Amino acid sequence: MRPAALSPSIQVHGPRWASACYVALRISGWLATCAGLVAGLWVLFFVLLGEFTFAGFVLHLDNFAARYVAAEPERRAAFETQFWIASGLLFLMVGVLRRHGLADLASQAKETADGQV
C-alpha cells in the first residue's frame, strides 16, 4: 500500500507556506512579549509609587481609578491619549531592546536533510 501523493500545488508551495507561518508566529510572539513587558512596566510604575508594598500599590490604583471615573469626558480623552502615547513610547523602547529576537529572521540558514546548516 502506497501513501497518497500530495497534489503538485502543495508540494511546490509547501516550504514557502511553512516559512511564512514560521515568520508570522515568530513576529506575533515577539509582539505579544513586547506588549506583555509594557503592561509589566505599568504595574512596576504603580508598585514604585506604592513604595514597593502591596497596600501602597492597591491604594495608588484605587486613587487612580477613582479620579479617572470622576473626570469629565474631555479630561478622560486627554488622559487616554497621553496613556497610549506613553505606552507606544514604552513599546518602542522595549522593541529596540528586544530587536535581537527578530534579527535571525532576515538571515535564515537552510538546513540539509541531516540537520546540518
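The condition of being among the small types (Gly, Ala, Ser), in a helix (DSSP H, G or I), under 26 Å from the mean Cα position of the chain (by Cα) and modelled with pLDDT of 95 or more holds for residue 39.
Would you pick out the residues in region 57-76 that are surrounded by 11 or more Cβ atoms within 10 Å (Cβ to Cβ) and in a helix (DSSP H, G or I)? So that I can check it myself, show each step before the final result.
Of region 57-76, the ones surrounded by 11 or more Cβ atoms within 10 Å (Cβ to Cβ) are 57-61, 63-64, 67-68, 71, 75-76.
Correct list: 57, 58, 59, 60, 61, 63, 64, 67, 68, 75, 76.
Of the residues 87, 19, the single one that is in a helix (DSSP H, G or I), at pLDDT below 95 and either aromatic (Phe, Trp, Tyr) or within 30 Å of residue 104 (Cα to Cα) (or both) is 19. Cβ separations smaller than 8 Å between residues 6+ apart or across chains give the following pairs from region 21-47 residues that are on the phi < 0 side of the Ramachandran plot and small (Gly, Ala, Ser) to residues that are surrounded by 14 or more Cβ atoms within 10 Å (Cβ to Cβ) and part of a helix (DSSP H, G or I): 35/91. Of all the criteria given as (1) at pLDDT 90 or above; (2) assigned to a helix (DSSP H, G or I), the one not satisfied by residue 51 is (2). Mind checking which pairs have a first residue in region 61-77 that is of a type outside the set (Lys, Arg) and a second that is surrounded by 12 or more Cβ atoms within 10 Å (Cβ to Cβ), Cβ under 6 Å, 6 or more apart or different chains? Cβ pairs passing all conditions: 61/46.
The values are calculated or read from the model by the stated rules, or taken from the named source; none is laboratory data. Owing to the predicted nature of the structure, the values given are computational and were not obtained by experimental measurement. All Cβ positions, glycine included, derive from the backbone under ideal geometry; neighbour counts span all protein chains shown.
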